[in-house]
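What follows is a single structure, written as structure tokens, with notes after it.
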Amino acid sequence: TVRAVEAERTFLRGLEGGCSVPLGAHCVPAGDQWSFRAWVGTEDGLRTLNEVATGPDPIALATAMVLDFRQKGANKILGRS
């Protein structure tokens, strides 16, 4: 549980998420791997990014997902430059 929560918080911090930012993360063990799902969207829900990644290290998954989301325009979706 601790590793899953750390990964979820890594993602939220990486995209500067807070209570009023439309984004989320969910990490769960999947056999000997971890499954990390993340979502970010506009406030009206018209534009979203939704990805799932699997691997042995939940923190590495979260960190990679932050970079992936930034490359795919997460900052623009969240109304940032």
Acute angle (nearest 10 degrees) that the helix 2-14 long axis makes with the longest principal axis of the chain, alpha-carbon atoms: 20 degrees
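Go ahead and estimate [θ] at 222 nm for the chain from helices alone: -39,500 (n - 2.57) per DSSP H run with n ≥ 4, summed, over the residue count, rounded to 500.
That comes out to -11500 deg cm²/dmol.
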Ranked by how many other beta carbons lie within 10 Å on average, peptides 22-29, 40-47 from highest: 22-29, 40-47
Surface per residue (accessible, 1.4 Å probe) for the chain, Å²: 61 Å²
Residue among P29, G41, T1 farthest towards the positive dipole end of the chain, charges placed on Cβ: G41
Portion, in percent, of the accessible area of the chain that falls on carbon or sulfur, probe 1.4 Å: 52 percent
Identified option (computed semi-axes √(5λ) of the Cα gyration tensor in Å; candidates (1) 22, 12, 11; (2) 19, 17, 10; (3) 21, 19, 11): (1)
Counted charge near G73, where neighbours are those whose Cβ lies closer than 14 Å (Asp, Glu -1; Lys, Arg +1): +3
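The values are calculated or read from the model by the stated rules, or taken from the named source; none is laboratory data. Bear in mind the structure is a predicted one, so any value in this text is a computation, not a measurement. When we count neighbours, we look across all protein chains shown, and the Cβ atoms used for this are built from the backbone with ideal geometry, even at glycine. Heads up: the accessible areas ignore ligands, DNA and RNA and are worked out on the full protein's heavy atoms, side chains in. Shrake-Rupley method; radii C 1.70, N 1.55, O 1.52, S 1.80 Å.
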